[in-house]
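The values are calculated or read from the model by the stated rules, or taken from the named source; none is laboratory data. Predicted model only: the values in this text are computed from it and were never measured. Methodologically, a virtual Cβ is constructed for each residue, glycine included, from the backbone with ideal geometry; neighbour enumeration extends over all protein chains shown.
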Amino acid sequence: MNLGMLSGSYWKWEMYMNWISRTSLLLLLSLNLAFSFSVSAGKLETPLPAPEFSQTDADSWLNSAPLSLRELRGKVIMLDFWTFDCWNCYRSFPWMRQLEQALADEAFTVIGIHTPEFAHERVRANVEAKIDEFELHHPVMMDNQFIYWQMMGNKYWPTFYLIDKQGKVRSIYIGETHVGSAQARAIEGDIRELLRE
């Protein structure tokens, strides 16, 4: 048998196995993602205490001095985990700005948690420029080391956590959200319910 034929057959076999492996991996990831979305979105059956913000230095906060959940007690809070190169994140900002305007006279605030995916998203000046570009006026905590991301057990950008007036996580919503969408209506409904408590 010719050695060239053997190496050619091996190469085809290896390509076939790589294709099978990649296809299987994509299928598993898709199933995991679908399962995660169906399990973790919406109201929690059992409220969980929200961990205190991980960053306390002024350099890690934008649009605000450092905040604590303790000092925000009595307000309903929506945490927004985002990163500025995430399309799904910045496509949600028009809805979020409208929500903030609609609830401007209520005991409600949004806190952005900027957790970067790429190195250039860790640079404060870059985050500041994007906050200006996206016209975000709420406080933003930079979570460059993924500390708060891990404390919250977060997995996706964007994810919205609703925290009640006593500091407990009551709802979790995942994914791009638009004005008038089913998810936008569900989030606002949950917020208004928490404001009445």
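With respect to ALA186, is the statement that it is farther than 21 Å from SER64 by Cα, of a type in the set (A, V, I, L, M, F, W, C) and touching a residue at least 24 places away in the same chain (Cβ under 8 Å) true?
Details: farther than 21 Å from SER64 by Cα: yes; of a type in the set (A, V, I, L, M, F, W, C): yes; touching a residue at least 24 places away in the same chain (Cβ under 8 Å): yes.
It is true that ALA186 is farther than 21 Å from SER64 by Cα, of a type in the set (A, V, I, L, M, F, W, C) and touching a residue at least 24 places away in the same chain (Cβ under 8 Å).
Output the residues belonging to the range 115-130 that are without any contact (Cβ under 8 Å) to a residue 40 or more places away in the chain and either under 24 Å from ILE77 (Cα atoms) or surrounded by fewer than 16 Cβ atoms within 10 Å (Cβ to Cβ) (or both).
PRO116, PHE118, ALA119, HIS120, VAL123, ALA125, ALA129, listed by residue number.
Considering only residues that are of a type in the set (Asp, Glu) and touching a Lys or Arg at 6+ places or on another chain (Cβ under 9 Å), look in the range 102-124 and name the one that is nearest to ALA184 (Cα to Cα). Only one residue tops the list, namely GLU106. Here is the figure for the range 137-151: residues that are under 8 Å from SER60 (Cα atoms) and in a loop (DSSP other than H, G, I, E, B) total 1. Within the range 144-159, identify whether any single residue is of a type outside the set (Gly, Ala, Ser) and on the phi > 0 side of the Ramachandran plot, and answer yes or no. Yes, the conditions are met somewhere in the range 144-159. Do we have THR159 as without any contact (Cβ under 8 Å) to a residue 40 or more places away in the chain, hydroxyl-bearing (Ser, Thr, Tyr) and closer than 23 Å to PRO47 by Cα here? So THR159 does not fit the description; no.
Looking only at the range 157-197, how many residues end up being surrounded by 15 or more Cβ atoms within 10 Å (Cβ to Cβ) and not in a helix (DSSP H, G or I)? Quick ask: steps written out before the conclusion?
Let us first name the residues in the range 157-197 that are surrounded by 15 or more Cβ atoms within 10 Å (Cβ to Cβ), namely 157-165, 167-177, 183-184, 186-188, 190-191, 193-195.
Subsequent filtering for residues that are not in a helix (DSSP H, G or I) retains 157-165, 167-177.
So the answer is 20.
Here the condition is being closer than 13 Å to ALA50 by Cβ, over 15 Å from the mean Cα position of the chain (by Cα), at pLDDT 95 or above and of a type in the set (A, V, I, L, M); of LEU69, LEU99, it holds for LEU69 alone.
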